[in-house]
């Protein structure tokens, strides 16, 4: 039986803080975007790179981060990730032009891709001795994600309104240094032999980046232009190379046999479509509040707090109980369809709208849909994987969500720009563009719900996959009791 670590709960605090900060790094950006656009000279279409540079690096390199954690030791990789994240934060804070800012955000994403899988490995090591403790630790660690999202929305407004947008990056320096000092609480793991598929990691990350670049540039260059076609073909070739490498290298980042795990494919498709609908909604809602309704950074952040607060409360207190009672499939499909309803409501925003009428009720409906779908989709992806592949399944589903987010934001930004969202100062044109983006996101979410209903199979009763949550979690305990 594994030895109990007497400092495991203090170590969990360090890991939960890391999860909090990695997730906050995506949400803290939103309310600062218009000010960053003004100071750094981003065009309306290129502004998304402040978000997508992080997401592409983070999502594209998550599997590599997990592999390095296995080979080099999770604590070493966790610490290295924080060093990289701090460096990226310094670059982003000091940027004087748009593309230095994008580079800083990409470096931050690399740091996050090292931190996240290493933190999960360390958590499993700390609490492997007791499934009950593991369930509680997973719940606390999971709660750090919506808490980080909520804090990012609030702090982004505070820093941007009363200090400067640079502070949304500066804050990572002291926190990162404190986290590095606290890594002595984490267990040390020895190195082990093995190869690293660097070419595969480079191919998938470059392919994703090129695909997003092509979609972003297509409205200006033309979807049928030689440049756009070559970029999309190149992206496809790089992604095909990744899959060829995974089939042929001795120690791939993603052994293709993992896709035989029941429900892994359908749950990953649901996660991709969830990210492709949710992240553009959050992005364009920030722009609508500030560029159309005229909210300042703090007011915009405060306007999003009811939505993020509902997410945090629902995910941490209610979703697990619903998952235990109904299973993953109805919650994923229902959540995506509820999200689509909220987005359809947002697609009715007006240039002269108000927060109470145009934003608050629709955003709460959308947040409810997200709260219903996200954790069940994650659990469905993990529940069928054998224990030795659980980390790989987790890395794949997280990567899928990030990839969906990046491609969805690129596509819907192109749609919004084509409908007038590039005309800064023209509230009517901006609103037309944002409506188109919300409507497009609603279509993506609705497609996700319908695909889940059609493609996801419920596990056979009594089969090893007849669970929707890992052993030791509240959801699994509730199901066992039932």
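The values are calculated or read from the model by the stated rules, or taken from the named source; none is laboratory data. All figures in this text were calculated on a predicted structure; none of them were measured in a lab. Note that we place each Cβ from the backbone using ideal geometry, even for glycine, and neighbour counts take in every protein chain shown.
Looking at residue 157, is it closer than 30 Å to residue 408 by Cα, in the same structural domain as residue 43 (by TED's automatic domain parsing) and crowded, with 19+ Cβ neighbours inside 10 Å? Judged against the criteria, residue 157 is a match. Among the numbered conditions (1) within 23 Å of residue 395 (Cα to Cα); (2) modelled with pLDDT under 75, the only one that residue 219 does not meet is (1).
Condition check ((1) surrounded by fewer than 20 Cβ atoms within 10 Å (Cβ to Cβ); (2) at pLDDT 85 or above; (3) in contact with a helix residue (DSSP H, G or I) (Cβ under 8 Å, 6 or more places away or on another chain)) across all residues:
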site	(1), (2), (3)
364	yes, yes, yes
399	no, no, yes
430	no, yes, yes
438	no, yes, yes
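Of all residues in region 336-357, those that are more than 16 Å from residue 441 (Cβ to Cβ) and assigned to a helix (DSSP H, G or I) total 3. Determine, yes or no, whether residue 217 is touching a helix residue (DSSP H, G or I) at 6+ places or on another chain (Cβ under 9 Å), more than 26 Å from residue 272 (Cα to Cα) and surrounded by fewer than 21 Cβ atoms within 10 Å (Cβ to Cβ). Answer is no for this residue.
Checking the structure you have, find out if any residue of region 29-37 is on the phi > 0 side of the Ramachandran plot and surrounded by fewer than 24 Cβ atoms within 10 Å (Cβ to Cβ).
The answer is no, given that none of the residues of region 29-37 is on the phi > 0 side of the Ramachandran plot and surrounded by fewer than 24 Cβ atoms within 10 Å (Cβ to Cβ).
Considering only residues in region 233-257 that are surrounded by 19 or more Cβ atoms within 10 Å (Cβ to Cβ) and assigned to a loop (DSSP other than H, G, I, E, B), the one that is modelled with the lowest pLDDT turns out to be 253. Among the residues of region 89-100, the ones that are closer than 19 Å to residue 21 by Cα and either touching a residue at least 24 places away in the same chain (Cβ under 8 Å) or touching a strand residue (DSSP E or B) at 6+ places or on another chain (Cβ under 8 Å) (or both) come to 4 in all. If the condition is being part of a helix (DSSP H, G or I) and within 26 Å of the chain's Cα centre (by Cα), then region 420-429 contributes only 421. None of 245, 253, 241 is farther than 23 Å from residue 412 by Cβ, touching a helix residue (DSSP H, G or I) at 6+ places or on another chain (Cβ under 6 Å) and touching a residue at least 60 places away in the same chain (Cβ under 8 Å) except 253. Taking the criterion of being modelled with pLDDT of 80 or more, farther than 21 Å from residue 207 by Cα and in a helix (DSSP H, G or I), the residues of region 25-64 that qualify are 32, 33, 34, 35, 36, 37, 38, 39, 40.
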